[in-house]
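Since the structure comes first, as structure tokens, the remarks are kept for the end.
The values are calculated or read from the model by the stated rules, or taken from the named source; none is laboratory data. These figures come from a predicted structure and were not determined experimentally. Ideal geometry is used to build each Cβ from the backbone, glycine not excepted, and the neighbour counts take in all protein chains shown.
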Ligand code: TEU
């Protein structure tokens, strides 16, 4: 429906096109492959498709390095295919959210080619150029303009011999950062966004959008360890971030006849900041992706693994629920193309794979906010059993391995981290059936298909009413039919319990209770003031165990999750 708030009961499904479905046998997913699988998404019941980038790109960072925002990379298809996708989604009452990557472009984008061509090119100031530090010889160690580290290892500065200056790239050297201080850059982005909206697109997921405002002085960060400094105070949520987002909202999003759905990917953002970004009265964004909950199981960097502590996860998610209860809106996700598969990370991808995958879906989807389902999550897909570094493709992992081993780290120790947290885990092909290459391609897949596709595949799970797929379908149905799911107040229970995740949702005279056992052993849920005995005769709305619990007795089976309703 066209009402402004349709999106508050919506569920978004993320498609990483490279790995979703291949229609032409080149081993890489594409738009026609996606169009051929829309009935799968319609059966699941999702409302919006977030499509990771399909624009023209050298594919250095799998499309997050864009060389033409208004054309489609031949790997994925054509602009006509996008038009067909928009039409096919709209026919099914679904919407399309495109990925907007405007903190940086590819170094092969025409804007950058011009900018680097000479120090007095009109587009020189569209990017961040700086001379070598203290008049040192360009390209020599220590001559970089500051001590920031790239997300993909090494310095954020790349020396350009021809013009004798360095350019800034927070990510790979093929992803130079755009200079948003320049109004011409901002206008070019806004014009491109309007062009996509005029083509029928319904929203944008905005890649690292809180990095577009930087401290223009680009000062050195404090060195806590090693040789690089902490760039976050100067890079994350910079001085003009709210000004830029308010301008973007005014110039692009406001006043269109149809609501444009926006979510900002915001590494390092706090819930206090998110209240400002998502307060409807401030007209910035509808919601943001936080990284706080996907940081509870690692230390200083994502590669320093620490065991998951459920109370840490509950504390973070509970804080975000409380912080955005009275203003703004949460996004809810376990997975995306940058995170390992949730059932392997937060559940148990061994004997309890199906049940724990269903539990994770229940816990996430019963929170307040907009849930995001990542391709394959609804199938119970797991991390991939990667062997050596030669099997990995992701630039983040390859660069980390080279840097760490180069500094003397034990290769097997580094591989242990990469196997557990590397982004390639999320990027193995979607498993459609038990045929060769899981029905993803008739050719050689760009990344191997998980060998467990013989049992973990769409055909098998759709045929099994007790599967992860049908559990996700029921969760999405609950959000569409039970107002308390989308709009109810959230109250965290048992905050100190390391095994049981419990919370209530309440709206008018309806109260829901969610209780989930994050362990492979049966558990008796402790009664406390909040979790009283009245739930014993409550209606069991959803149970992830078959045959289900007729009523809530306080006992939970291994990895059992219940949704109860009482009025
Ligand atoms: O991710 C930004 C980001 O913060 C992640 O790279 C994160 O730092 C890392 O992956 C955690 O392991 C966005 C895109 O989602 C990612 O795919 C791109 O590589 C990145 O921006 C650059 O565009």
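Worth pointing out:
- Top-ranked residue in the stretch 60-72 [being closer than 17 Å to residue 113 by Cα and assigned to a loop (DSSP other than H, G, I, E, B); ranked as nearest to the ligand (Cβ to nearest atom)]: 65
- Any hit, the stretch 452-466, residues being in a strand (DSSP E or B) and without any contact (Cβ under 8 Å) to a residue 40 or more places away in the chain: no
- Filtering 219, 176, 183 for residues that are within 16 Å of the ligand (Cβ to nearest atom), over 24 Å from residue 96 (Cβ atoms) and at pLDDT 95 or above leaves a single hit, 176.
- When 393, 421 are checked against the criterion of being surrounded by fewer than 21 Cβ atoms within 10 Å (Cβ to Cβ), modelled with pLDDT of 95 or more, within 16 Å of the ligand (Cβ to nearest atom) and within 29 Å of residue 34 (Cα to Cα), 393 stands alone in meeting it.
- All positions within the stretch 118-166 that are within 16 Å of the ligand (Cβ to nearest atom) and not in a loop (DSSP other than H, G, I, E, B): 127, 148, 149, 158
- Members of the stretch 397-415 that are under 20 Å from residue 306 (Cα atoms) and in contact (Cβ under 8 Å) with a residue 24 or more places away in the chain: 397, 400, 404, 414, 415
- Of all residues in the stretch 85-117 being within 16 Å of the ligand (Cβ to nearest atom) and closer than 30 Å to residue 45 by Cβ, the one that is surrounded by the fewest Cβ atoms within 10 Å (Cβ to Cβ): 97
- Of all the criteria given as (1) free of Cβ contacts under 8 Å to residues at least 24 places away in the same chain; (2) more than 22 Å from the chain's Cα centre (by Cα); (3) in a loop (DSSP other than H, G, I, E, B), the one not satisfied by residue 444 is (1).
- Residue pairs whose Cβ atoms lie under 7 Å apart, separated by 6 or more positions or on different chains, with the first residue in the stretch 248-271 and more than 18 Å from residue 289 (Cα to Cα) and the second modelled with pLDDT under 95 and away from the ligand (no atom under 12 Å from the Cβ), are 258/2; 259/4; 259/7.
- Qualifying residue in the stretch 402-417 (condition: within 16 Å of the ligand (Cβ to nearest atom), in a loop (DSSP other than H, G, I, E, B) and either more than 30 Å from residue 478 (Cα to Cα) or in contact with a helix residue (DSSP H, G or I) (Cβ under 6 Å, 6 or more places away or on another chain) (or both)): no
- Candidate set: the stretch 333-347, residues that are buried (at least 23 other Cβ atoms within 10 Å of the Cβ) and outside any loop (DSSP other than H, G, I, E, B); chosen: the one nearest to the ligand (Cβ to nearest atom): 342
- When the helices (runs of 4 or more DSSP H) confined to the stretch 238-328 are screened for residues that are within 16 Å of the ligand (Cβ to nearest atom), those reaching at least 1 such residues are found at 241-248, 271-278.
- Pairs meeting the criteria (first residue in the stretch 336-354 and over 14 Å from residue 379 (Cα atoms), second residue assigned to a helix (DSSP H, G or I) and within 9 Å of the ligand (Cβ to nearest atom), beta carbons under 6 Å, at least 6 apart or on different chains) are 338/423; 339/294; 340/421.
- Answer residue from the stretch 34-59, given it is surrounded by fewer than 23 Cβ atoms within 10 Å (Cβ to Cβ) and in a helix (DSSP H, G or I) and is nearest to the ligand (Cβ to nearest atom) among those: 41
- Taking the criterion of being assigned to a helix (DSSP H, G or I) and in contact (Cβ under 8 Å) with a residue 60 or more places away in the chain, the residues of the stretch 355-387 that qualify are 355, 356, 357, 358, 359, 361, 362, 363, 365, 377, 378, 379.
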